[in-house]
Amino acid sequence: MRPALCEAAQLQDMQARSVQGRTVWGRDIRPADAKLRILVVGGIHGDEMSSSSLVFHWIALAGAPVADMPQPVHWRFIPTLNPDGLFARPSRRMNANGVDLNRNFPTPNWDRDAKLYWEGRTKRDPRRWPGSKPLSEPESRFLHEQMDSFKPNLIVSVHAPYGVLDFDGPSVPPSKLGRLYLDQVGIFPGSLGNYGGIHKGVPVVTIELPSATHTPQDPEIRQMWIDLLRWTSDRLGPSIKTAAVPLPK
């Protein structure tokens, strides 16, 4: 990713810190008449660098809105939710506490299911440790709070490297974004898709880029963006249920 692209993003301090005290940065792009809200999150897993890069590219595209987009969108971009994992040497999936943030959201029966899944299905894989309790990590708590305060009509979560498109929640899912075709891979205890899409009823589009270390070429990035806008125009609207949830006491 070119330094100029990072500088042009004009990221702002989201007033959140990682386990090791790193800033979580974000950017809002909001037309004056926007009612539709979309939250785009990359870098949930620190070793999926291409996911963060894609979000930077999309920030640039959001700054030059498509002329025929019928509904203006208030975008909120979080390029890297897990900066500690990204800046570890080598980069790693988990945060600084060794927690997989995408297994740390408070899905129903988390205390039972997350442990059973980790022990049985992953064979206690340390890269997929869900944590000691839901929302145990500052990074997952921050995203949970964003869902409550921003109230997105859609969440786009960018990952790698499976090269597919996943979807959870209401609405007809997009059949493809660019070269990525829909292949719903399942529901995992504590995942953002499970929590937001299934439990809270807010559509969650999960992008799995083909490579964790190589960002798609510019034409492919743009085509994915255009396909997302087209699907959003066809399927979503301001009346879609938002991710308003009470924060834990």
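Among residues other than Met1 whose Cβ falls under 14 Å from its Cβ, what is the net charge (Lys/Arg +1, Asp/Glu -1)?
So the surrounding residues net to -2.
Over all directions, what mean area does the Cα convex hull of the stretch 57-119 project, stated in square nanometres?
7.2
Give, as a single signed number, the net charge of other residues whose beta carbon lies under 13 Å from the beta carbon of His74, with Lys and Arg counted +1 and Asp and Glu -1.
+4
Would you kindly calculate the translational diffusion coefficient of the chain, applying Stokes-Einstein with the Kirkwood radius from alpha carbon pairs, for 10 °C and a viscosity of 1.306 mPa s, and quote it in µm² s⁻¹ without decimals?
88
Take the chain, connect every pair of alpha-carbon atoms lying under 10 Å apart with a spring to form a Gaussian network, then pick out the residue of Leu165, Leu116, Leu182 with the largest mean-square fluctuation.
Leu116
Just how many % of Cα pairs in the stretch 36-163 lie over 26 Å apart, if you round to the nearest whole percent?
Roughly 26 percent, rounded to a whole number.
Express the accessible area of the stretch 1-129 per residue in Å², computed with a 1.4 Å probe while the remaining protein chains stay in the model.
Each residue of the stretch 1-129 exposes 49 Å² on average to a 1.4 Å probe.
Give the ranking of Met147, Met1 by solvent-accessible surface, highest area first, calculated with a 1.4 Å probe.
Met1, Met147
First check a/c for the stretch 156-199, with a ≥ b ≥ c the square roots of the eigenvalues of its C-alpha gyration tensor; if it is under 1.5, answer rounded, and if not, answer prolate when a/b is larger than b/c or oblate otherwise.
Cα axes put the stretch 156-199 in the oblate bin.
In whole percent, and with a 1.4 Å probe on the protein chains, what portion of the accessible area of the chain is carbon and sulfur?
Looking at the chain in its full context, I get 52 percent from C and S.
To the nearest 20 debye, what is the magnitude of the charge dipole of the stretch 57-205 about its Cα centre, counting +1 on the Cβ of each Lys and Arg and -1 on the Cβ of each Asp and Glu?
Using only the charged Cβ atoms, the result is roughly 420 debye.
From the residues Ala60, Gly46, Met14, which one has its Cα farthest along the dipole of the stretch 8-63 in the positive direction, the dipole being from +1 and -1 charges on Cβ of Lys/Arg and Asp/Glu about the Cα centre?
Toward the positive end, the furthest listed residue is Met14.
Ala16's amide H: which non-local residues (gap 5+, or another chain) put their own amide H closer than 5 Å, with H modeled 1.01 Å from N in plane and none for Pro or chain starts?
Under 5 Å from the amide H of Ala16 lie the amide H atoms of Val24, each far enough along the sequence or on another chain.
Find the relative contact order for the stretch 1-109 and round it to a whole percent, using C-alpha pairs within less than 8 Å whose residues are 6+ positions apart.
Relative contact order here is 32 percent.
Can you tell me which of Ala16, Ala114, Ala160 moves the most in a GNM of the chain? Springs connect C-alpha atoms under 10 Å apart.
In this elastic network of the chain, the residue with the biggest mean-square fluctuation among Ala16, Ala114, Ala160 is Ala16.
With springs connecting C-alpha atoms under 10 Å apart, model the chain as a Gaussian network and identify which of Asp168, Asp227, Asp100 has the largest mean-square fluctuation.
Most flexible of the set in this elastic network: Asp227.
Over the chain, calculate the relative contact order: mean separation of alpha carbon pairs under 8 Å at least 6 apart, over the residue count, as a percent.
Reported relative contact order: 22 percent.
Lysine pairs in the chain 8 or more apart or on different chains: how many have alpha carbons under 20 angstrom apart?
13
Considering only the other residues whose Cβ falls under 15 Å of the Cβ of Val24, what net charge follows from Lys and Arg at +1 and Asp and Glu at -1?
-1
With +1 on the Cβ of every Lys and Arg and -1 on the Cβ of every Asp and Glu, and nothing else charged, how large is the dipole of the chain about its Cα centre, in debye rounded to the nearest 20?
So the magnitude is around 480 debye.
Work from the charge dipole of the stretch 108-210 (Cβ charges, +1 for Lys and Arg, -1 for Asp and Glu, about the Cα centre) and give the residue of Ser132, Pro170, Asn153 farthest towards its positive end.
About the Cα centre, the residue reaching furthest to the positive side is Ser132.
The values are calculated or read from the model by the stated rules, or taken from the named source; none is laboratory data. Quantities reported herein were computed from a predicted structural model and do not represent experimental measurements. Glycine also receives a Cβ, built like all others from the backbone with ideal geometry; neighbour counts cover every protein chain displayed. Areas reflect the complete protein model, heavy atoms only, side chains present, ligands, DNA and RNA absent. Shrake-Rupley method; radii C 1.70, N 1.55, O 1.52, S 1.80 Å.
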